[in-house]
């Protein structure tokens, strides 16, 4: 069964993030990457990444006329990096968060020249402002919003325009 262009992008993003699991080339040895299902309940774990979709916007400037017209969309992906550190650790939590965030950026943008196209499915991608999660005694971490712009036929989300 074919996937929509948006789902192709999400699958590629998840594939890249999974490269961090057990990979000693990164400073952060990720435990798992979760893309939750509707009924799935998961427990936040140390060095876990949870990938979800956020809001989508239409980008009128990058949309184009034609028959059918091409509609450009800007999709937000939330890459939530969870940390459950030892409360007795002498290392500042911000150091661990900064390292985790940097490793996510390195992993997702590994192919510097074409990373933003997600295997030819996207026009562009850009990182948003990091959103810190500090839960005094609970889970800490950061949300790394990634905005991916792609264009499909107006009447066919399976076809690139």
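The values are calculated or read from the model by the stated rules, or taken from the named source; none is laboratory data. Computed from a prediction, not measured in an experiment: that's the story for all the values here. Methodologically, a virtual Cβ is constructed for each residue, glycine included, from the backbone with ideal geometry; neighbour enumeration extends over all protein chains shown.
For this structure, a couple of remarks:
- In a residue-by-residue description of region 36-54, the property of being out of contact with any strand residue (DSSP E or B) (no Cβ under 6 Å at 6 or more places or on another chain), surrounded by 13 or more Cβ atoms within 10 Å (Cβ to Cβ) and in contact (Cβ under 8 Å) with a residue 60 or more places away in the chain applies to no position.
- Condition met for residue 107 (at pLDDT 90 or above, in a helix (DSSP H, G or I), crowded, with 20+ Cβ neighbours inside 10 Å and at negative phi): yes
- Within region 110-133, the set of residues being under 21 Å from residue 150 (Cα atoms) and either without any contact (Cβ under 8 Å) to a residue 40 or more places away in the chain or not in a loop (DSSP other than H, G, I, E, B) (or both) comprises 111, 112, 113, 114, 115, 116, 117, 124, 125, 126, 127, 129.
- Qualifying residue in region 140-152 (condition: touching a helix residue (DSSP H, G or I) at 6+ places or on another chain (Cβ under 9 Å) and either loosely packed, with under 15 Cβ neighbours inside 10 Å or part of a loop (DSSP other than H, G, I, E, B) (or both)): no
- Checked against (1) loosely packed, with under 12 Cβ neighbours inside 10 Å; (2) under 21 Å from residue 11 (Cβ atoms); (3) at pLDDT below 95, residue 161 passes all but a single condition, namely (1).
- Residue within region 98-106 that is without any contact (Cβ under 8 Å) to a residue 24 or more places away in the chain and more than 24 Å from residue 161 (Cα to Cα) present: yes
- Check on residue 58, buried (at least 18 other Cβ atoms within 10 Å of the Cβ), out of contact with any helix residue (DSSP H, G or I) (no Cβ under 8 Å at 6 or more places or on another chain), in contact (Cβ under 8 Å) with a residue 12 or more places away in the chain and over 30 Å from residue 95 (Cα atoms): no
- Subset of region 1-11 [out of contact with any strand residue (DSSP E or B) (no Cβ under 7 Å at 6 or more places or on another chain) and surrounded by fewer than 19 Cβ atoms within 10 Å (Cβ to Cβ)]: 1, 3, 7, 11
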